[in-house]
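Please read the structure below before turning to the comments.
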Amino acid sequence: MMRRNDFRARNHPAYWAFLVQRWSGIALAAFLPVHFWALGQALAGEAALDGFLRFTEAPLFKLAEWTLVVLLASHMMGGARLLLIEFGEGSGLRKNWIAGTLGFAAAAGLAFALALVA
Ligand code: HEM
């Protein structure tokens, strides 16, 4: 019988970094068509776009925007880490970049939250 990997092998910073990269990438890709649809409302006139923009004032929408900012920040820094691993000098998992990604995403999330209340 084929041996199956249990979760201990996956409970590793680089595995979590992979999960974040995959799910943030999928979420960003899912967001784009919705975003283009929203911008496309302008084609139906100013009032149509304004109608949608009022909906974006809802707290739940702000939370979704905040999530998107954090996902994009994570994906961008995590992506830079992967490119460094793939094309950079030397080898290794660059766990310092995982820590840096965490810090960058936290800073971006805090900055966006601050801009919301300021
Ligand atoms: C902000 C700039 C971005 C950078 C630097 C970046 C970089 C990367 C890198 C290096 C990878 C991994 C490729 C590999 O397996 O070697 C990746 C995966 C991916 N990215 Fe991005 N990306 C960016 C923006 C985006 C955006 C805007 C989207 C969505 C529209 C996106 C969607 C994805 C998806 C779906 C994956 C595949 C994840 C997986 O296979 O697990 N990325 N990205």
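Pop out the Kirkwood hydrodynamic radius of the stretch 1-45 from its pairwise C-alpha distances, inverse of mean 1/r, in Å to one decimal. Value: 13.7 Å, from the Cα pair sum. Residue separation of residue 47 and residue 68 scaled by 0.36 nm, minus their Cα-Cα distance, works out to 5.0 nm of gained length. Counting neighbouring beta carbons within 10 Å and listing from fewest to most, the residues 67, 56, 101 come out as 56, 67, 101.
Once the chain from residue 114 to residue 32 is taken as fully extended at 0.36 nm per residue, the excess over their C-alpha distance is 27.0 nm. Annotation: the residues 81, 22, 54, sorted from fewest to most other C-beta atoms within 10 Å of their own C-beta, follow the order 54, 22, 81. Modelled this way, with points 7 Å down the Cα-to-C-beta line, the labels at residue 95 and residue 83 are 2.5 nm from one another.
What the Cα atoms of the stretch 16-117 give is an Rg and a Dmax of 17.0, 56 Å. A Förster radius of 35 Å combined with the Cβ-Cβ distance from residue 6 to residue 106 puts the calculated FRET efficiency at roughly 0.70. For the stretch 12-46 and the stretch 55-100, compute the distance between their C-alpha centroids and round to whole Å. After rounding, the separation between the Cα centres reads 13 Å. Taking the longest Cα principal axis of the chain as reference, the axis of helix 95-117 is set at about 20 degrees.
Taken together, the values in this text are just the output of simple stated rules run on the coordinates, not laboratory data. In this text, all values refer to a predicted model and were calculated from it rather than measured experimentally. Glycine gets a Cβ as well: all are built from the backbone with ideal geometry, and neighbour counts include every protein chain shown.
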